[in-house]
Amino acid sequence: DLLRPIVSLAVAVILFEGGLVLKFENLRDAGAAVRRMVFIGGPMAWALGTLAARYAAGLDWSSSIVFAGVMVVTGPTVIMPLLRQSKLGGKAGQFLKWEGIVNDPVGALFAVASFEIIRVAATGESILGKGAMIVFAAALGVALGIAFGWAIVRAFRAGWTPEYLKAPIIFASIILCYALAEQIEKEIGLVAVTAYGMTLANSRLAGIAELRKFKEDIAVLLVSGVFVILTANLKPDVIKDALTWRTLAFLAVMLLVVRPLSVWISTYGTLKRNEALLLGWIAPRGIVAVAVSSLFATLLEDLGRRGDSKFYFSGAEQITPLAFAMVFVTVVLHGFTI
């Protein structure tokens with residue numbers, strides 16, 4: 001029973017820590033390319049990923065749509081260490097950094113939206129009303145994150161908190177911000193904490209470097225722990241069933257077709273050819289992809305078992321092993337080739 005809240009809170013802190021490095025002044029190098037990748041490349045990768053999951057992995061349409069939404073994310077937990085070790089800077093480095101952090105809540109939103117639409121279709125509720133609710137909830141999540149950031153900056157500048165309590169106060173406020181946003185709509189908390197982190201990063205607050213170091217250490221511990229917890233939840237039979245030619249076909253299509261096409265088409269004219277080739281290849285998935293995939297796999301299975309549901313979701317139990325396969329293969333391949 002504690003699996004879902006532990007993983008969710010850990011992912012919230014990890015995304016906040018990622019948001020702390022997103023300064024708008026650094027966006028100048030790759031701003032147009034990042035915007036196009038989020039608003040054009042993201043939906044394109046979602047659509048192409050859906051086809052890959054349906055025809056290569058063999059999932060049903062509903063599971064494919066939800067899973068492909070999650071696979072849009074690239075993951076700051078993997079991107080940041082890769083950029084640090086490879087010393088990749090300039091436009092390409094900024095692109096990967098911004099894409100990795102901004103796309104995490106975006107991919108989660110894709111998955112939330114598609115799952116909720118599938119759920120209301122299965123139970124006969126209003127699809128249009130639910131879609132409008134998700135958009136409104138996402139806007140509220142951003143506003144909540146900005147409000148938290150503004151309040152913390154005001155408190156710190158006014159000297160309302162002693163220096164030694166600043167890091168614990170921020171840590172507690174991340175959990176509060178996430179919990180409040182989750183009351184609005186599931187997975188909106190990821191949007192809120194990312195907006196919170198970005199607000200602090202761009203506030204020019206004194207001592208932000210020390211706070212960032214503390215959050216980085218916490219994030220490393222949480223990533224390590226969450227990966228162990230999630231893999232402990234995988235049964236050997238499920239892993240064995242997932243190791244098929246269909247899994248290999250899905251991975252090949254995602255790496256060699258979906259990612260390059262979505263990057264090249266969406267960023268055409270904003271990147272040099274060698275940058276486009278590099279960014280079309282480097283897209284490691286991380287903890288957010290696994291955590292959100294595991295959540296929605298469980299939700300789809302539960303929905304299929306409900307008496308009032310019109311659908312049965314074949315392949316929902318394969319989502320988590322596929323997500324782990326994607327993480328393992330992309331981390332190894334992209335880590336050794338960047």
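The values are calculated or read from the model by the stated rules, or taken from the named source; none is laboratory data. Given the structure is predicted, the values throughout are model-derived calculations rather than measurements. Virtual Cβ from ideal backbone geometry, glycine too; neighbours counted across all protein chains shown. The protein model used for the area step is the full one, side chains on, heavy atoms only, and it has no ligands, DNA or RNA in it. Shrake-Rupley method; radii C 1.70, N 1.55, O 1.52, S 1.80 Å.
Take segment 30-150, drop everything but the C-alpha atoms, weight them equally and run the Debye formula without solvent; then report log10 I(q)/I(0) at 0.11, 0.12, 0.19, 0.23 Å⁻¹ to two decimals.
-0.46, -0.54, -1.11, -1.28
Points 7 angstrom from Cα along the Cβ direction at Val228 and Arg204: gap in nanometres?
4.3 nm
What's the center-to-center distance, using Cα atoms, between segment 272-294 and segment 140-198 in Å?
Centre-to-centre (Cα) distance: 27 Å.
Distance cut-off 19 Å, Cα to Cα: go down the list Lys23/Lys91; Lys91/Lys272; Lys186/Lys215; Lys87/Lys166; Lys97/Lys186; Lys87/Lys215 and report the pairs above it.
On the way: Lys23/Lys91 14 Å; Lys91/Lys272 10 Å; Lys186/Lys215 24 Å; Lys87/Lys166 31 Å; Lys97/Lys186 25 Å; Lys87/Lys215 22 Å.
Checking Cα-Cα distances, Lys186/Lys215; Lys87/Lys166; Lys97/Lys186; Lys87/Lys215 exceed 19 Å.
Return the sequence-ordered ³J(HN,Hα) values of segment 284-294 in whole Hz as given by the Karplus equation 6.51 cos²θ - 1.76 cosθ + 1.60 applied to θ = phi - 60°, using x for Gly and Pro.
x, 8, x, 5, 5, 4, 5, 5, 5, 4, 4
What number comes out for accessible area per residue over segment 169-325 if the probe is 1.4 Å? Units Å², please.
47 Å²
With equal scatterers on the alpha carbons only and no solvent term, can you work out the Debye log10 of I(q)/I(0) for segment 166-253 at 0.11, 0.18 1/Å?
Cα-only, vacuum Debye calculation for segment 166-253: -0.53, -0.92.
In segment 206-272, carbon and sulfur make up what percent of the accessible area (probe 1.4 Å)? Please list the in-between numbers first.
Details: 2870 of 4030 Å².
Heavy-atom surface of segment 206-272 belonging to carbon and sulfur, 1.4 Å probe: 71 percent.
Evaluate the Debye formula for segment 188-338 with equal point scatterers sitting on the alpha carbons, no solvent, and hand back log10 of I(q)/I(0) at q = 0.11, 0.17 Å⁻¹, in q order, two decimals.
Each listed q maps to, in turn, -0.63, -1.21.
Tell me the Kirkwood hydrodynamic radius of segment 208-248 in angstroms, computed as one over the mean inverse distance between distinct C-alpha pairs.
On the way: mean 1/r = 0.0782 Å⁻¹.
Computed over segment 208-248, the radius equals 12.8 Å.
With each pseudo-label sitting 7 Å past Cα toward Cβ, what's the Ala139-Phe336 distance in nm, one decimal?
Distance between the two pseudo-spin positions: 4.9 nm.
Just to confirm the filter: which trypsin sites (Lys or Arg not before Pro) across segment 170-225 are DSSP coil and have at most 10 other Cβ within 10 angstrom of their Cβ?
Filter output for segment 170-225: Arg204.
Normalised radius of gyration for the chain, please: alpha carbon Rg relative to 2.2 N^0.38 Å, two decimal places.
On the way: Rg = 19.5 Å, N = 338, 2.2 N^0.38 = 20.1 Å.
Normalised Rg, Cα atoms only: 0.97.
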